[in-house]
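**Q** Structure in structure tokens, see below.
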Amino acid sequence: MPDDPKVPRSVPLSSVQAIADWCPGSDPFNVSTVPLRRRPSLNALHSTRHEDKMEMLACHDNGGAVYKEDALIQGNNDGKQIYTLRYFHHVDIFIYFSHARLTIPPAAWTNASHRNGVKMIGTYISEWDDGRPDTLKLLYGKDFDPTKPGFSDNERFEGQFNPYFANKLVEIAEYFKFDGWFFNIEHDFKTSVDASNMLWFLRYITDKMHERIPNSLVLWYDSVTVSGDLRWQNRVSDHNLPFLLVTDGIFLNYGWAEEYPQASVTLARRAIDGVQLNPTTRRIMSVQNALSWHDAREAVRRDIMERQKREVPPEVIERERPKLGESEVEKREREQRIRERLWREFVAREAEVEHVVGEGSWFTETNEPRSGPVSDFLRVTALL
């Protein structure tokens, strides 16, 4: 009964707004029930060198369809042959790919993959001009509106990204129990600032996925460059290398020349070893450390706030406590005192944060790390 609306089926999320509306428990039938099985790596058995530990990634494409017969979570009996992967034993990672905005892998696929020790990856895709508004909302939060002050093309700034949707995607992967996300952005950005903020977004979600889902992966498709242009490179180049460096891997476009695979490996290894980094690559390393700088400021700010709460004198707390039978005038005066105290604390707190952490980028104009009171807290990446 594949057309029966009561039959549970896998469904995608068709827009970024649908991602915002999603909540756990809305699709319990599509939750994977098989944990990812550990299996020995043949490469690891024969070598301890990192460069020899290769992995195989497979990705199918449902074409214009979102899901096909595999959308029916409990299977079907209509006699059709359903595509399945017959060589799981040769694969380490599988991307379930379709052209919906957000593809959640069907539970049957995730279960089969996990049973064979294969990681299952879901897909975010936005294509052409129609996809750009959703990607901007993904970067800048559910309230993003390019007509609002601060959000127009010439007002957005680097570091402005909002983690709201990154956190939602982590929550979705954690709920459905698959192993990561593949980002396929096939439209240009209007400004290079948006491309930079995509790097911030990717760095953030990669860290969060690793934190919440051990051994998870965030992968990027070779499409948009660091300048914001839609220009497939077909290899690792200076134009897409930063996306590789802030994620777990890059899925290269398929227009290869014979020398491209080896050239890609060579450039990636040089970047990891910190050799011959061009200004663009060094700049994204500044973005990476700016994130650490931002984290440091937030940590110091939280500590100061906790200390300020403890240091409020008891008589002030008592004076700000609501009184039984107080008049509207007394209530307004009490609330005004609270606002004034909180403002004084805010000014003092921000001044102390600036003193302890410093302001601006954690790098000098020559891209060398600054020194300062929290230099131990701000771990400079090996790439610098």
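The values are calculated or read from the model by the stated rules, or taken from the named source; none is laboratory data. What you see is a predicted model; the values in this text were computed from it and never measured. Heads up, the Cβs are rebuilt from the backbone with ideal geometry, glycines too, and the neighbour counts pull from every protein chain shown. Surface accessibility is based on the protein's heavy atoms, side chains included, excluding ligands, DNA and RNA. Shrake-Rupley method; radii C 1.70, N 1.55, O 1.52, S 1.80 Å.
**Q** Please list, in order, the residues from the range 305-320 whose amide nitrogen is less than 16 Å from a point placed 7 Å along the Cα→Cβ vector of residue 336.
**A** Flagged as within label range: 320.
**Q** Please compute the net charge surrounding residue 224, taking Lys and Arg as +1 and Asp and Glu as -1 over other residues with Cβ under 13 Å from its Cβ.
**A** Here the charged neighbours net out to -3.
**Q** Determine the sum of side-chain charges near residue 128: Lys and Arg each +1, Asp and Glu each -1, restricted to other residues whose C-beta is under 10 angstrom from that of residue 128.
**A** Taking every Cβ under 10 Å from that of residue 128, the sum is -4.
**Q** Evaluate the distance, in nm, between pseudo-label points positioned 7 Å from the Cα of residue 324 and of residue 266 along their respective Cα→Cβ axes.
**A** Computed distance between label sites residue 324 and residue 266 equals 8.3 nm.
**Q** Then there is this: Can you flag which of 119/190; 119/168; 208/309; 148/331; 137/208; 142/190 are past 25 Å Cα-Cα?
**A** Flagged as over cut-off: 119/190; 208/309; 148/331.
**Q** Give me the accessible area per residue for the range 118-200, probe 1.4 Å, as a whole number in Å².
**A** Ligands and nucleic acids excluded, the result is 36 Å² per residue.
**Q** Determine, from the Cβ-Cβ distance of residue 127 and residue 190 and an R0 of 22 Å, the FRET efficiency 1/(1 + (r/R0)^6), rounded to the nearest 0.05.
**A** That gives a FRET efficiency of 0.85.
**Q** Two decimals, Cα atoms only, Kirkwood Rh: what is Rg/Rh over the range 162-237?
**A** Answer for the range 162-237: 1.00.
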